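Structure, as structure tokens:
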Amino acid sequence: EGTVPEALIVGGGGFGSNTIGGGGGGGGHLSVTAAYFTAAAHTVTIGAGGSSSARNGLVSSVGSYLSPAGGGGGLEMNGINGASGGGGGYRGIYVGGSGTAGIGFAGGDAFGTGTGSVGGGGGGGGAVGADATSTVAGNGGAGTASSITGTSVTRAGGGGGGAEGGTAGTGGAGGGGD
């Protein structure tokens, strides 16, 4: 039984695609000070990132402390809500998913309805995902910095939106690729 001075728990990021669809939302970035644990065994779960079949990431946890997962990027649909929301999908006027207040931000909106349309950027732990514009997909939102390891590291950034015929967006700081 006792208190851990600091703990950092990051949920799995949402799935996105660099060729089609919206960027995945960053996983939750939960920083806990003075985390209390009882004198018992505690389960540690590391949430995996989303996949093409299960778009949302998975929750990470240490005992009773939970960090939510990022929402998946939309694929011809709206982005999915999560810790940070996924970007809106291509080939339609699809909107980004919502983030969770105090943890992450919303994904960006898609642009275009036909061939050559582009997806919105996934939301990050520190900023919203950008909306797509005519032929350029939205960039992912920046993540959140933590110095728990002794050096500042940014995690939980959103992924860049995909582009069917234009330019793909880039991942936000601490996040996925483009």
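The values are calculated or read from the model by the stated rules, or taken from the named source; none is laboratory data. Owing to the predicted nature of the structure, the values given are computational and were not obtained by experimental measurement. Positions of Cβ are backbone-derived with ideal geometry, glycine not excepted, and every protein chain shown enters the neighbour counts. The accessibility values were calculated without ligands, DNA or RNA, using every heavy atom of the protein model including side chains. Shrake-Rupley method; radii C 1.70, N 1.55, O 1.52, S 1.80 Å.
What to note about this one:
- Looking across the stretch 125-153, the residues that are more than 22 Å from Ser98 (Cβ to Cβ) and of a type in the set (Val, Ile, Thr) come down to Thr135, Val136, Ile148, Thr149, Thr151, Val153.
- Within the stretch 111-129, considering residues that are of a type in the set (Ser, Thr, Tyr) and open to solvent by 10 Å² or more (accessible area, probe 1.4 Å), the one farthest from the chain's Cα centre (by Cα): Thr115
- Total residues in the stretch 2-51 satisfying the condition of being charged (D, E, K, R) and at positive phi: the figure is 0.
- Residues located in the stretch 130-157, provided they are surrounded by fewer than 24 Cβ atoms within 10 Å (Cβ to Cβ), small (Gly, Ala, Ser) and in a strand (DSSP E or B): Ala145, Ser146
- Residue that is open to solvent by 50 Å² or more (accessible area, probe 1.4 Å), out of contact with any helix residue (DSSP H, G or I) (no Cβ under 9 Å at 6 or more places or on another chain), touching a residue at least 12 places away in the same chain (Cβ under 8 Å) and closer than 21 Å to Gly157 by Cβ, where the choices are Val95, Val44: Val95
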